[in-house]
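The values are calculated or read from the model by the stated rules, or taken from the named source; none is laboratory data. No experiment lies behind these values; they were computed from the predicted model shown. Neighbour counts run over all protein chains shown; Cβ positions are idealised from the backbone, glycine included. Heavy atoms of the whole protein, side chains included, go into the accessibility calculation; ligands, DNA and RNA do not. Shrake-Rupley method; radii C 1.70, N 1.55, O 1.52, S 1.80 Å.
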Amino acid sequence: RQEPGTSFYYNSMRPQVLSIILTRSTGCSARDFAMQRLFGPLGISEVRWPEVQGHILGSFGLELSTRDLAKIGYLNLNQGRWAGRQILPAEWVAESTRPGPGDTRPFEGYPQWKQLNGYYGYHWWGMQYADGSYDFMARGNLGQLIYVAPRKNMVVVRLGSETDSNVIWSFVV
């Protein structure tokens with residue numbers, strides 16, 4: 001066990017714990033909360049998210065269409081704004097997607113990511129470039145991606161079934 005902030009090791013159980021905390025703190029299921037606060041305002045009505053014993057699996061299994069995944073990317077590209085409405089706080093989007101200043105934590109599970117100027121925010125993987133700009137992405141199982149390139153005002157969604165977990169997806173655009 002290490003002190004918080006001293007190293008990074010991705011653990012898919014953390015999103016699961018967050019979904020349980022969200023359910024208990026809001027009094028509604030994480031699915032209902034997401035529908036009310038995120039998916040509904042984005043116009044996303046078909047969401048498949050597996051459950052076990054009444055709790056969604058917050059760490060995997062969310063199924064959305066390609067278009068709906070792109071909506072999540074564009075929401076974050078536009079600092080939490082969608083169709084003229086602020087859905088997510090702009091400050092939170094910035095904090096969750098940009099590199100942390102002075103983050104020197106070693107990456108225990110993916111050391112090669114850090115060596116490529118990669119970073120990890122609040123469920124977003126990022127890549128910082130020499131000019132200080134950065135791109136970020138949500139990475140799903142088997143190579144699924146929502147890739148956001150603010151410097152190019154672009155969102156890319158990748159669906160697929162990459163079987164090699166060592167493949168690192170990054171784009172130079």
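Looking at 126, 109, 118, can you tell me which residue is over 13 Å from the mean Cα position of the chain (by Cα), under 19 Å from residue 12 (Cα atoms) and crowded, with 18+ Cβ neighbours inside 10 Å?
118
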Helices (runs of 4 or more DSSP H) contained in region 1-93 and holding at least 3 residues at pLDDT 90 or above and surrounded by 13 or more Cβ atoms within 10 Å (Cβ to Cβ) | 66-77
Scanning region 129-165 for residues that are open to solvent by 50 Å² or more (accessible area, probe 1.4 Å) and of a type in the set (A, V, I, L, M, F, W, C) gives 130, 142, 154, 159
If we keep only residues of region 139-150 that are in a strand (DSSP E or B) and either modelled with pLDDT under 90 or among the aromatic types (Phe, Trp, Tyr) (or both), then the residue nearest to the chain's Cα centre (by Cα) is 139
